[in-house]
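Working notes, beginning with the structure itself.
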Amino acid sequence: MNVRDEQVLRELNLYPLWVRRVVPAQEEFVPAPVAFEVPQEVKSEAPVARTPQVEIQNIPDVAALDWSALKDKVRDCEACKLRAGCTQTVFGVGDEQADWLFVGEGPGAEEDVQGEPFVGQAGKLLDNMLLSIGLKRGDNVYIANVVKCRPPDNRNPEADEIATCLPYLRQQIALIKPKLIVALGKTAATALLGRDATLGSLRGAPHDFHGTPLLVTYHPAYLLRSPAEKAKAWQDLKSAVALMR
């Protein structure tokens, strides 16, 4: 175990390693002391199916908008059917010149009420994941979602909904100019990369998003349901830190 792992475990009161205690899965991210190698280059990948092209008549043209105009455009957007079923749009939150950009799927019930991404139990876990690598919400970190309106019953956003909303996220990325994008979950990863593939095949080596490195890891909501996968998420976070260095 390296010094960094030991420090993180001590800060989370999880050292020595043989002492076990019960921690609610929805409240704490426990980094696992796992070894990994920093990818030096993007590995060759097996061919994957491209995301089917969806023809949408009302995709917003936002490429020339600044932050203020983009926020107004998202707030007033009624371009897809999701807007009719949500309380408000959820634009994003954080440092608008951040080096780190974390992208999730879409707002949940609590995000819909508060108008901010990742504020429920998954948000608490995301905050702890950030803390484990020395980051915190709003400080050199921006958090956004692929779609800005809550899908009914927290279902996955549909292809036409993603296609309609994705220009907003792309313009956010253009304005932020992050040094690294971290896609949280398959929906965010496949939407940004424009292809359909398993999360397992997308994790690991960095991808390229129009010149910006993009790493893929698990969505915090999935980690709440599958806490055994936190060790893999910790690998991904360590890879992200190493890549930023």
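The values are calculated or read from the model by the stated rules, or taken from the named source; none is laboratory data. Small disclaimer: the values here were computed from a predicted structure and weren't measured. No Cβ is skipped: glycine too gets one built from the backbone with ideal geometry, and neighbour counts run over all protein chains shown.
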In segment 192-237, what count of residues is obtained for those that are part of a strand (DSSP E or B), out of contact with any Lys or Arg (no Cβ under 6 Å at 6 or more places or on another chain) and under 19 Å from L130 (Cα atoms)? 4
Evaluate segment 135-146: report whether one residue or more is touching a Leu at 6+ places or on another chain (Cβ under 7 Å), of a type in the set (S, T, Y) and not in a loop (DSSP other than H, G, I, E, B). yes
Among the residues of segment 90-106, the number that are within 13 Å of Q172 (Cβ to Cβ) and either aliphatic (A, V, I, L, M) or in a loop (DSSP other than H, G, I, E, B) (or both) is 10
Among all residue pairs at least 6 apart or on different chains, which show Cβ distances below 7 Å where the first residue, located in segment 55-70, is under 14 Å from C165 (Cβ atoms) and the second is in a loop (DSSP other than H, G, I, E, B) and at pLDDT 80 or above? N58/A79; P60/C77; P60/A79; L70/V62
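Test of understanding: among G92, G85, which residue is of a type in the set (G, A, S), within 14 Å of the chain's Cα centre (by Cα) and either modelled with pLDDT of 95 or more or over 19 Å from P220 (Cα atoms) (or both)? Quick ask: steps written out before the conclusion?
Details: G85 fails: within 14 Å of the chain's Cα centre (by Cα).
Testing whether each residue is of a type in the set (G, A, S), within 14 Å of the chain's Cα centre (by Cα) and either modelled with pLDDT of 95 or more or over 19 Å from P220 (Cα atoms) (or both) leaves just G92.
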Residues in segment 109-126: is at least one of a type outside the set (F, W, Y), within 14 Å of the chain's Cα centre (by Cα), buried (at least 23 other Cβ atoms within 10 Å of the Cβ) and assigned to a strand (DSSP E or B)? no
When you scan segment 88-101, do you find a residue that is in contact with a helix residue (DSSP H, G or I) (Cβ under 9 Å, 6 or more places away or on another chain), closer than 22 Å to S68 by Cα, touching a residue at least 60 places away in the same chain (Cβ under 8 Å) and among the small types (G, A, S), even just one? yes
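Starting from residues that are of a type in the set (S, T, N, Q) and under 16 Å from the mean Cα position of the chain (by Cα), keep the ones in segment 140-166 and report whichever is surrounded by the most Cβ atoms within 10 Å (Cβ to Cβ).
Step one: of segment 140-166, the residues of a type in the set (S, T, N, Q) are 140, 145, 154, 156, 164.
Next, from what is left, pick out any that are under 16 Å from the mean Cα position of the chain (by Cα): 140, 145, 156.
Values: N140: 15, N145: 28, N156: 14.
Across segment 140-166, the extreme among qualifying residues is N145.
Those residues that are of a type outside the set (A, V, I, L, M, F, W, C) and either within 19 Å of V141 (Cβ to Cβ) or in contact (Cβ under 8 Å) with a residue 40 or more places away in the chain (or both), I need them from segment 193-210; list them, please. Talk me through it step by step, then tell me what you get.
As a first pass, look at segment 193-210 and keep what is of a type outside the set (A, V, I, L, M, F, W, C): 194-196, 198, 200-201, 203-204, 206-208, 210.
The answer is G194, R195, D196, S201, G204, P206, H207, D208.
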Subset of segment 174-189 (residues that are crowded, with 19+ Cβ neighbours inside 10 Å, in contact with a Leu (Cβ under 8 Å, 6 or more places away or on another chain) and not in a strand (DSSP E or B)): I176, P178, G185, K186, A189
Only one of these conditions is not met by D153: (1) over 21 Å from Q114 (Cβ atoms); (2) free of Cβ contacts under 8 Å to residues at least 24 places away in the same chain. Which number is it? (1)
Please list, ordered by first then second residue, the pairs with beta carbon atoms under 6 Å, 6 or more apart or interchain, first in segment 179-192 and of a type in the set (S, T, N, Q), second modelled with pLDDT of 95 or more. T187/E105
